[in-house]
Amino acid sequence: MSKVYRVGVIGCGGIANGKHLPSLSRQDKVQVVAFCDIIKERAESAAEQYGNADAAVYTDYLELLKDASIDIVHVLTPNDAHADISIAALEAGKHVMCEKPMAKTAADAKRMAEAAKRTGKKLTIGYDNRFRQDSLYLKKICEAGELGHIYYAKAHAIRRRAVPTWGVFLDEEKQGGGPLIDIGTHALDLTLWMMDNYKPKVVLGTKYHELSRKEEAANAWGPWDPKKFTVEDSAFGMIVMENGATITLEASWALNSLDVDEAKCSLSGTEAGADMKNGLRINGEKHSKLYTNEIELDAGGVAFYEGKTEKATDVELRKWIEAIEEDKDPVVTPEQAYVVSRILEAIYESAQTGKAVYLD
C-alpha cells in the first residue's frame, strides 16, 4: 500500500478554505491531521470540516511542528510570516508548500530557498495557474520550440474594479504591497516559466495610488476605505533579461480599462506567438500568409456531456504529492519563485527611487 501523508495546515483563513483544504480533501494520499491559526475558532472550524475525529488544533505553529508524525506543512498566512514559518517547518523535517508570493521580501525568499537546500526537504510555492489546461498546453508548445526564441512577453494581471477588502490585503506592512505582489506575481511566474528564462538584468517600474483614494468606489467586494488602502492600486514594470529578452508586467486591482485579464501572458517568438487573451491562441506565418489558431481545450465532444476535467488546484496538489513520493523536484521550485520575488521587489524599488534597478 502507498503511504498516506499527514498534513498540517498553518493559517486557516480564506486561501486555506477557498483553495488548499478543498483540494487536499480530494487527494487519496493525504490526510489533514493538524490545523493552526492565531484565531482558535478558525482552526477549530477548519478541523471540523476537513479533519478527522482526532485532528489537532493549535494557535502556535511551533507546537504543531513538534508533531513528528506530520510529513507536510502548508503555510497559508499573510506574506510577512511566510519565511519564518516555512524555514521552521523545513528545519523540523517537514516538506513545505507555501502560498504565493514566496515571501514579503526577496531576502526572506532567499532564506527559504537556502533552508530547503540545507535540510534536504522539499519546498514549493502555490503558483496554481501553471496547472490550468491552457497553461499546461502552452508550456508543451514552448518546450517543443514551436515559438522559437521568445524575445518579448507581456504578463497580464489587470482587474477593472476588484479590490480585496477583507483580511490584510490592503496592509502594506503585512503583505509587502498590493496588486503587484498579490496577482502580478502569478502573471510574472507564468511568463518566466513559459520562457524558461530566470536571469533578469535590469528592471524599471512605476506604481500608483490614484483610484485607491476614491470614496464609495464601485468594487466587486464593496467600497474600500481609502484610509486603510496603504498599498498601491496599480503597478507596472519592464524587465530586460540577460539574453536581451523583454517582459512588460501590468498589475492592478482597479484600473479604468476594458482590457481586463488576470494570470495570463502573451509571448512573441521568432517562429510564432501565443496569448491567453481569448482562450489560447497561437499566431504566426506559414506559406507567406499569417495565421491564428485557436486551441480547443474542452474535454467534451459528444452531446450532453461536457467531458471530465481536473481543477488546476487539484492538479497542483497531485503533482506536489508526486514530487514528494517520487523524490523529484516540484513543478514550482524555490529557485524559480525566488527570481519572481526578486523582480517584484526591484519594480517596487524602481518605483520608489525613479531609477532602473540592476540585478546581479
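For the chain, with a Gaussian network of springs between Cα atoms less than 10 Å apart, report the residue from A92, A116, A53 with the top mean-square fluctuation.
Judging by the Gaussian network model, the answer is A53.
Do the alpha carbons of any pairs in K139/K355; K139/K174; K19/K277 sit beyond 26 Å of each other, and which pairs?
In this structure, K139/K355; K139/K174 exceed 26 Å between Cα atoms.
Please work out how much length the chain gains when fully extended from E210 to V168, using 0.36 nm per residue of separation minus the C-alpha to C-alpha distance, in nm with one decimal.
Value of the extension gain: 13.1 nm.
Taking amide H positions as placed in the peptide plane 1.01 Å from N, state which residues far from V73 in sequence (5 or more) or on other chains have amide H under 5 Å from it.
G8, H95, V96, M97
In whole angstrom, and with the biggest value first, how far do the Cα coordinates of the chain range along each principal axis?
66, 52, 47
With every protein chain in place, what's the accessible area of V33 (1.4 Å probe, Å², nearest 10)?
10 Å²
Using just the helices of the chain, give the 222 nm mean residue ellipticity in deg cm²/dmol: DSSP H runs with n ≥ 4 each add -39,500 (n - 2.57), and the total is spread over all residues, rounded to 500.
-8500 deg cm²/dmol
Dipole size in debye (nearest 20) for the chain around its Cα centre, Lys and Arg Cβ +1, Asp and Glu Cβ -1?
About 400 debye.
Can you work out the accessible area per residue across the range 53-140, with the rest of the protein chains kept in place, probe 1.4 Å, in square angstrom?
Heavy-atom SASA per residue in the range 53-140 reads 38 Å².
Could you work out what % of the accessible surface of the chain is carbon and sulfur, using a 1.4 angstrom probe and leaving DNA, RNA and ligands out of the count?
48 percent
So which of K201/K227; K122/K201; K121/K228; K66/K199; K94/K201; K66/K319 end up more than 32 Å apart, counting from Cα to Cα?
Distance filter (> 32 Å) returns K201/K227; K121/K228; K66/K199; K94/K201.
Quick one: net charge around D196, please, counting Lys, Arg +1 and Asp, Glu -1 for every other residue with C-beta under 12 Å from its C-beta.
Taking every Cβ under 12 Å from that of D196, the sum is +1.
Suppose every Lys and Arg Cβ carries +1 and every Asp and Glu Cβ carries -1, with no other charges. What dipole size does the range 224-289 come out with about its Cα centre, to the nearest 20 debye?
Once rounded to the nearest 20, the dipole reads 200 debye.
Taking the Cβ of V231 as the centre, find all other residues whose Cβ is under 11 Å away and add up their charges (Lys, Arg: +1; Asp, Glu: -1).
-3
In the range 109-151, which residues have a backbone nitrogen under 14 Å from the label point lying 7 Å from K319's Cα in the Cα-to-Cβ direction?
Counting only backbone N, you get 124-143.
Please identify every one of the chymotrypsin sites (Phe, Trp or Tyr not before Pro) in the range 251-360 that sits in a loop by DSSP and has no more than 11 other beta carbons within 10 Å of its own beta carbon.
Taking the range 251-360 and a limit of 11 other Cβ atoms within 10 Å, the loop chymotrypsin sites (Phe, Trp or Tyr not before Pro) found are F304.
Between L64, L258, L188, which gets the highest mean-square fluctuation from a Gaussian network model of the chain, Cα cutoff 10 Å?
Of the options given, L258 has the highest mean-square fluctuation.
Could you give the angle, 0 to 90 degrees to the nearest 10, between helix 106-119's Cα long axis and the longest principal axis of the Cα atoms of the chain?
60 degrees
Mind pulling the angle between the C-alpha long axis of helix 334-353 and the longest principal axis of the chain? Nearest 10 degrees, somewhere in 0 to 90.
Helix 334-353 sits at roughly 60 degrees to that axis.
Extent of the range 79-205 along each principal axis, from alpha carbon coordinates, in Å, largest to smallest?
The principal-axis extents, from largest down, are 44, 40, 31 Å.
Just to confirm, what accessible area per residue do you get for the range 226-335 at 1.4 Å probe, in whole Å²?
Value returned for the range 226-335: 57 Å² of accessible area per residue.
Hey, in the GNM for the chain with a 10 angstrom Cα cutoff, which one of S135, S25, S266 fluctuates hardest?
Of the options given, S25 has the highest mean-square fluctuation.
Output ³J(HN,Hα) for the range 56-65: one whole-Hz value per residue in order, computed from phi by the Karplus curve 6.51 cos²θ - 1.76 cosθ + 1.60 with θ = phi - 60°, and x for Gly and Pro.
Computed from phi, the couplings for the range 56-65 are 8, 10, 9, 10, 10, 5, 5, 5, 4, 5 Hz.
Could you run the Debye sum over the Cα atoms of the range 183-333, one equal point scatterer each and no solvent, and tell me log10 of I(q)/I(0) at q = 0.08, 0.11, 0.14, 0.15 Å⁻¹, two decimals?
Treating every Cα as an identical point scatterer, log10 I(q)/I(0) equals -0.37, -0.69, -1.03, -1.12.
List the extent of the Cα atoms of the range 1-133 along each of their three principal axes, largest first, rounded to whole Å.
If we take the Cα atoms of the range 1-133, the spans are 39, 37, 30 Å.
The values are calculated or read from the model by the stated rules, or taken from the named source; none is laboratory data. Computed from a prediction, not measured in an experiment: that's the story for all the values here. Cβ: placed from backbone, ideal geometry, glycine included. Neighbour counts: every protein chain shown. What goes into the accessible areas is simple: the full protein's heavy atoms, side chains included, and nothing from ligands, DNA or RNA. Shrake-Rupley method; radii C 1.70, N 1.55, O 1.52, S 1.80 Å.
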